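The values are calculated or read from the model by the stated rules, or taken from the named source; none is laboratory data. Every value quoted in this text rests on a predicted model; they were computed, and no experiment measured them. Cβ sites come from the backbone with ideal geometry, for glycine too, and all protein chains shown count toward neighbours. Heavy atoms of the whole protein, side chains included, go into the accessibility calculation; ligands, DNA and RNA do not. Shrake-Rupley method; radii C 1.70, N 1.55, O 1.52, S 1.80 Å.
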Amino acid sequence: EAAVTQSPRSKVAVTGGKVTLSCHQTNNHDYMYWYRQDTGHGLRLIHYSYVADSTEKGDIPDGYKASRPSQENFSLILELASLSQTAVYFCASKDRGSAETLYFGSGTRLTVL
Amino acid sequence: GEQVEQRPPHLSVREGDSAIIICTYTDSATAYFSWYKQEAGAGLQLLMSVLSNVDRKEEQGLTVLLNKKDKRLSLNLTAAHPGDSAVYFCAAPKTNYNVLYFGSGTKLTVEP
């Protein structure tokens, strides 16, 4: 069974602080993604990566950085957290050979105060 | 690139009734479409995918219809039960087939 693990499950951060969300997959997948979920907006892609040490911008990359130090790990970094970044964040992975199946983690609920 | 609009945002049905969720898309060259289900407090899980050359696909009480003329994709849960209560998303790949664009989601509630 494919496994994507996110940490922490929830976090409260202060405005202007640094936040790092972590994602680990044991699927041996090439692709990893960070999505943000807001009520009424569905999922929006922030960053993704198809190989270690390389990241690509998604649809809403502003205010976020991503890091892929290894095939298994993919982090999302908020250098200066803002109120508007309060959301649920999902990590996902996908095999290069599978066109449509993304495997999602359980999400991280981030609240910025 | 692809744009996907999903409706309704909320849907409430009685147990045993049908529930229909619709997505419209813009790119007629889209190769396939997918439906994902998100249960409370969990990530999304793939329900079903259909290739763009398929008009209808049925699996385990779910029916997906693809109307290419109207650029409309629908998910029909026949005889819904309370366990189907969740948020459902349609998805389509962007020009880069390794990136998915998701609809805004439909929260389905099935009442006993």
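Need one number: the % of Cα-Cα pairs in chain B sitting beyond the 19 Å mark.
Details: 2495 of 6216 pairs.
In whole percent, the share of Cα-Cα pairs in chain B beyond 19 Å is 40.
Within 10 Å of each candidate Cβ there may be at most 16 other Cβ atoms; applying that plus a DSSP loop requirement, which GluC sites (Glu not before Pro) in segment B:1-91 survive? Before the final figure, lay out the partial values.
Numbers: sites: B:Glu2, B:Glu5, B:Glu15, B:Glu39, B:Glu58, B:Glu59; in loops: B:Glu2, B:Glu15, B:Glu39.
Within segment B:1-91, the qualifying GluC sites (Glu not before Pro) (loop, at most 16 other Cβ atoms within 10 Å) are B:Glu15, B:Glu39.
In whole Hz, with x marking every Gly and Pro, tabulate ³J(HN,Hα) for segment A:55-60 from phi via Karplus 6.51 cos²θ - 1.76 cosθ + 1.60, θ = phi - 60°.
Values, residue by residue: 9, 10, 7, x, 7, 10 Hz.
Tell me: how much accessible area in total is hidden between B and A, 1.4 Å probe, Å², nearest 100? It would help to have the intermediate numbers written out before the result.
Numbers: alone 6270 and 6000 Å², together 10710 Å².
Counting protein atoms only, the buried area is about 1600 Å².
About the Cα centre of the protein assembly as shown, what is the dipole size in debye to 20, counting +1 per Lys and Arg Cβ and -1 per Asp and Glu Cβ, all else neutral? Provide the component values of the computation, followed by the final result.
Numbers: 22 positive and 23 negative charges, 79 e Å.
Charge dipole, the protein assembly as shown, about its Cα centre: 380 debye, nearest 20.
Once Lys and Arg get +1 and Asp and Glu get -1 on their Cβ, which of B:Ile20, B:Leu46, B:Phe102 lies farthest toward the positive end of the dipole of segment B:18-112?
B:Phe102
Under a point-charge model restricted to the Cβ atoms of Lys and Arg (+1) and Asp and Glu (-1), what is the dipole moment magnitude of segment A:13-69 relative to its Cα centre, in debye to the nearest 20?
Working: 6 positive and 6 negative charges, 34 e Å.
Rounded to the nearest 20 debye, it is 160 debye.
Give the relative contact order (percent, whole number) for chain B; include only Cα pairs under 8 Å separated by 6+ residues. Walk me through the intermediate numbers first.
Working: 277 pairs, mean separation 42.2, N = 112.
Worked out over chain B, it gives 38 percent.
Taking the Cα centre of chain B as origin and charging only Cβ (+1 Lys, Arg; -1 Asp, Glu), how large is the dipole, in debye to the nearest 20? List each step's numbers first, then the result.
Values: 11 positive and 12 negative charges, 64 e Å.
Magnitude of the dipole: close to 300 debye.
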